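The values are calculated or read from the model by the stated rules, or taken from the named source; none is laboratory data. Because the structure is predicted, anything quoted here is derived from the model rather than measured. Neighbour counts are summed over all protein chains in view; Cβ atoms, including those assigned to glycine, are modelled from backbone coordinates with ideal geometry. To get the accessible areas, we keep the full protein, side chains included, count just its heavy atoms, and leave off ligands, DNA and RNA. Shrake-Rupley method; radii C 1.70, N 1.55, O 1.52, S 1.80 Å.
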Amino acid sequence: MQYPDATTNQQIKRMQQLVQESARVAVLTGAGISAESGIPTFRDAQTGYWSRFRPEDLATEEAFRRDPETVWRWYAERRAAVHAAAPNAGHIALSRWEARVPSFTLITQNVDGLHARAGSKNLIEIHGNILRVRCFARCVSYSRRDEIEVITSAADTVPRCPECGDYLRPDVVWFGENLPEAGIARAFTAAEQADLFLCVGTSAVVYPAAMVPQTALESGATVVEINPEETPLSTLVHLSLRGTAADLLPQVLGLD
Ligand code: BJW
């Protein structure tokens, strides 16, 4: 059922009711939830990364092979922005919600680590994490965190793998790469089992992440979207709330 003519207040009340009624909750977040922490999105027209850069120049294995320095520099700048940022009211509201329901899974496409910093526990980072690195030649899976601090503090040269000498790369999922198998499997299971599935701040155009809310719909969950703009999901979901994450999440969760 959709609520095309409802006022925002009615929609907020409806969402508050769904929150009260739901015991199995899953949430999918995208770049929009971190926008109010000062981290740019990808596809927003004026401010998104892809309005200034071509994804195939920065977010593919081929780009890194061709020009590792340029790709590394872009990620170093983004890592600095992440270090300077803090979780906003949207991230914090989601972590408080988790503490109130029996089953809560937070699936994020974001690589910024802000959900973990806000205190979210059952968290799946399906596109990786920008604060980790791994060997480009895949000789070891992940570097230890203390090594990462040292490696990433070296600003302008692409660091080398301590095991094999190949380049280290950001531990994120680039276009054409598979998502971490266990993580995406858990995400689909959470979608299948959810009573309430919430999408926040995602354009829902990148696959397979965009299939997760579709799976929730097909499995009988009530699906709600929070986004200031329409997305391909807007006409499919039960309730589409127009607004920002930091504004609406505390309201619908009764935390403001
Ligand atoms: C606010 C707000 C506020 C603003 N509050 N909201 C099936 C069909 C078609 C294509 C494919 C398919 N299967 C695979 C593909 C290819 C590709 C794909 O999906 N392409 C499409 C773009 C067409 N997918 C892949 O390649 C994936 N791999 C894969 O499928 O492997 C199998 C395979 C292997 C080989 C060949 C083929 C298949 C991997 C995808 C990896 C995506 N990686 C990135 C970069 C990660 C690293 C990094 O950060 O650098 O992930 S791309 C980028 O997009 C990033 C994001 O996680 C992802 C999603 O973006 P997101 O989060 O939705 O952000 P935006 O900017 O798009 O939207 C922001 C939203 O927020 C907007 O709606 C705003 O309105 C809103 N907003 N302010 C709330 N304050």
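For the chain, the cysteines with no partner cysteine C-beta closer than 4.7 Å are Cys199. Remark on the chain: Rg and Dmax equal 18.6, 60 Å (Cα only).
List the longest stretch of the chain that has no exposed loop site; here a site is one of the chymotrypsin sites (Phe, Trp or Tyr not before Pro) assigned by DSSP to anything other than H, G, I, E or B, with at most 14 other Cβ within 10 Å.
Details: sites that count: Phe53, Tyr142, Phe175.
With a cap of 14 other Cβ atoms within 10 Å, the longest stretch comes to 54-141.
Among the protein heavy atoms, those of Ile12 account for about 20 Å² of accessible surface (1.4 Å probe, every chain in place). The GluC sites (Glu not before Pro) found in region 173-252 that occupy coil by DSSP, while having at most 13 further C-beta atoms within 10 Å, are Glu177, Glu229, Glu230.
In the context of the full set of protein chains, the chain has a per residue accessible area of 47 Å² (1.4 Å probe).
When the trypsin sites (Lys or Arg not before Pro) in region 1-88 are filtered for DSSP coil states and for at most 12 other beta-carbon atoms within 10 Å of their beta-carbon, the remaining sites are Arg52.
Only protein atoms count toward the accessible area here, which uses a 1.4 Å probe; on the chain, the carbon and sulfur part of that area reaches 50 percent.
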